[in-house]
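> Please read through the structure below; I'll follow up with questions.
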Amino acid sequence: MARFSCGVQCTRIILFSLNILFFLFGLTLLGFGIYVKVSNRFEIALPDNIGVKIVSGDVPGAVGILLITVAVFTILLSAFGCCGALFKNRVFLYLYTIILGLLVIVELAAFIITLYYRVQIRDSYKSGFRELFIEIYSNNHTDLQHVIEDIERNFKCCGIDNVTDYYTHNYTVPASCYKDQDFHKPIFKEGCANAAITWLWNQIPIIGGVLGVILLIEIFGIASSISLEACYAAYNNIDYLLNGGAGVGKSTLIKAVYQSVLRFYNSLPGSNPETIRTAICAPTDKAASLIDGMTLHSFLSLPINQCKHKLVKLDSGISNKIGQVDARLQQIMKSREPFGGVSVIVLGDFNQLRPIDDKYIFQFNNSYNALVDNPLWSLFELFELMEIMRQNDDKIFAIALSNIAK
């Protein structure tokens, strides 16, 4: 894999770090959700005959299941983000982008729906609160009455709409409805339903800030994952093998490809002409002179300690023989990726003699069917150069030479 710019590397690090934090948060939330689900400490006394029920009256169990669901979703999503950033895996980044994008859409849709149906939601909330209030006082559930009294003291309110809720149902007005819990002082005029809404509205800046930060993190996650996907696609290693007989223009093609690649790297912002980004090599000095390159021995046998600082940014190599390029580049680049993560374009002729003291990369069988059996070979995309250019003015002679070679 090619070396990425500092901006891309920083994006990877930030994306990975954020998802690690969310992964740890998901694990914590998962543990807490399981604890809520199985523990009896959260069994607040909601009697079985109470009218307002959530998941058959099992409120802590329902909350636990909700927390576990959110935790598992968070863990999976952050795992996709971490793996995509760390292992440069485009599939994980695709999944991360799609899921996170759908999550943002769902959140925005929920926000819009909440605004649109805010009146109905408020009425439903008041109706449920009133039903709960009646159930608690009509059945004399003391523990829950204390909860309502705490709400009245904290929010300085009385009843659901006002104190008439107590009078209507012949309930005794508690001290919590009075200022300073003194029966000789005025009763709070505001109902607790509106008081809770007012309190929530006053917290909008904090809630909005938290939700805004979460939304920005999600948008950054989407943008950075899309950016990394594009970078991984653009910088994906190119491994081509161009096969052709004598006279098809391999040497000319090598020079053309080399000049094109060189122009591309020189056009990049901040490019250093002293940095070796592309190398063109051949097995012999004569072959190297024909393509204005250097021998593989000269290139790969350079003292690593002296030239490592130049070679570590090598992105592509062009050669008309593959030889031991793979192992040597892995050693120089300190990478176990094929060819040390360097893009390689190999040009040659399958009909030439086998290498001296070596074997074909496709092992014992020199048929094309055997080529795919070799893991290294499977990395290459094969292109056939068929048209003979050297004897282009004498087609019969060119065909005869081609047949002799075969």
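The values are calculated or read from the model by the stated rules, or taken from the named source; none is laboratory data. Just so you know, these numbers come straight off a predicted model, no measurement behind them. Note that we place each Cβ from the backbone using ideal geometry, even for glycine, and neighbour counts take in every protein chain shown.
> If I filter the stretch 148-168 for residues that are basic (Lys, Arg), more than 30 Å from LEU215 (Cα to Cα), assigned to a helix (DSSP H, G or I) and modelled with pLDDT of 90 or more, do I get at least one hit?
Checking the stretch 148-168: at least one residue is basic (Lys, Arg), more than 30 Å from LEU215 (Cα to Cα), assigned to a helix (DSSP H, G or I) and modelled with pLDDT of 90 or more.
> Note down all Cβ pairs under 8 Å where the first residue falls in the stretch 114-126 and is assigned by the TED database to the domain that holds CYS158, the second is surrounded by 10 or more Cβ atoms within 10 Å (Cβ to Cβ) and not in a helix (DSSP H, G or I), and they're at least six residues apart or on different chains.
That search, which allows pairs on different chains as well, returns LYS126/ILE160; LYS126/ASP161.
> Filter the stretch 85-104 down to residues that are under 14 Å from GLY221 (Cα atoms) and free of Cβ contacts under 8 Å to residues at least 40 places away in the same chain and give me whichever is surrounded by the fewest Cβ atoms within 10 Å (Cβ to Cβ).
Top of the filtered list is LEU102.
> Applying the selection to the stretch 31-46, what residues are at pLDDT below 85, part of a helix (DSSP H, G or I) and surrounded by fewer than 14 Cβ atoms within 10 Å (Cβ to Cβ)?
Hit for the stretch 31-46 is VAL38, nothing else.
> Just a yes or no: is a residue in the stretch 14-23 surrounded by 14 or more Cβ atoms within 10 Å (Cβ to Cβ) and at pLDDT below 90?
Checked the stretch 14-23: no residue is surrounded by 14 or more Cβ atoms within 10 Å (Cβ to Cβ) and at pLDDT below 90.
> Next question. Of ALA223, ALA196, which residue is within 43 Å of the chain's Cα centre (by Cα), surrounded by 12 or more Cβ atoms within 10 Å (Cβ to Cβ) and under 30 Å from SER17 (Cα atoms)?
ALA223
> Criterion first (modelled with pLDDT under 75 and assigned by the TED database to the domain that holds GLU384) does SER289 satisfy it?
No, not satisfied.
One line per residue, one yes/no per condition, for (1) surrounded by 17 or more Cβ atoms within 10 Å (Cβ to Cβ); (2) touching a helix residue (DSSP H, G or I) at 6+ places or on another chain (Cβ under 8 Å):
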| residue | (1), (2) |
| --- | --- |
| TYR116 | no, no |
| PHE129 | yes, yes |
| ASN139 | no, no |
| ASP150 | no, yes |
| ASP165 | yes, yes |
| ASP180 | no, no |
| PHE183 | no, yes |
| ILE187 | no, yes |
| VAL210 | no, no |
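> Okay, moving on. Does PHE111 count as part of a helix (DSSP H, G or I), surrounded by 13 or more Cβ atoms within 10 Å (Cβ to Cβ) and not small (Gly, Ala, Ser)?
no
A quick yes/no check of all residues on (1) in a helix (DSSP H, G or I); (2) outside the structural domain of PHE383 (by the TED database); (3) under 19 Å from LEU385 (Cα atoms); (4) among the aromatic types (Phe, Trp, Tyr):
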position	(1), (2), (3), (4)
VAL210	yes, yes, no, no
ILE214	yes, yes, no, no
SER225	yes, yes, no, no
GLU229	yes, yes, no, no
TYR232	yes, yes, no, yes
ASN243	no, no, yes, no
VAL248	no, no, yes, no
SER251	yes, no, yes, no
ILE254	yes, no, yes, no
